Amino acid sequence: MALLSNQKIGSLCKINHIDLSQSKKIKLLGLGIKAGLTVSILRNRGGDIVLALGNARVSVGRTMAHLIKVTIV
């Protein structure tokens, strides 16, 4: 499994595991991010990572993204 923080722009990834505390998982769930979801990487520069979830755009901080494990689709 790869880390979300290491993915390139344009990659399509399936979220497999979120290795965060329960409270942070709930915050991500509020943004629509959960295990089993397929996301597209729109921006991945030095700071945050912008994901496309269908028609929605969500920004995730690098620290959180480094704890989200994905597989490339």
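Nothing in this text is a laboratory measurement; each read-out follows from the coordinates by a stated rule. Predicted model, so just to flag it, every value in this text is computed and none were measured. Quick reminder, even Gly has a Cβ in these numbers, built from the backbone with ideal geometry, and neighbours come from all protein chains shown.
Would you please give the residues with an amide H less than 5 Å from that of HIS66, counting only those at least 5 places away or on a separate chain, with H modeled from the backbone geometry?
Result for HIS66 returns SER5.
When only C-alpha pairs under 8 Å and at least 6 residues apart count, what is the relative contact order of the chain, in percent?
47
What order, most packed first, do the peptides 2-11, 22-31 have when packing is the mean number of other Cβ atoms within 10 Å of each residue?
Ranked from most to least packed, the peptides come out as 2-11, 22-31.
Which of the peptides 41-50, 60-69 is most tightly packed, and how do the rest follow, going by the mean number of other Cβ atoms within 10 Å of each residue?
Those peptides, ordered most packed to least, come out 60-69, 41-50.
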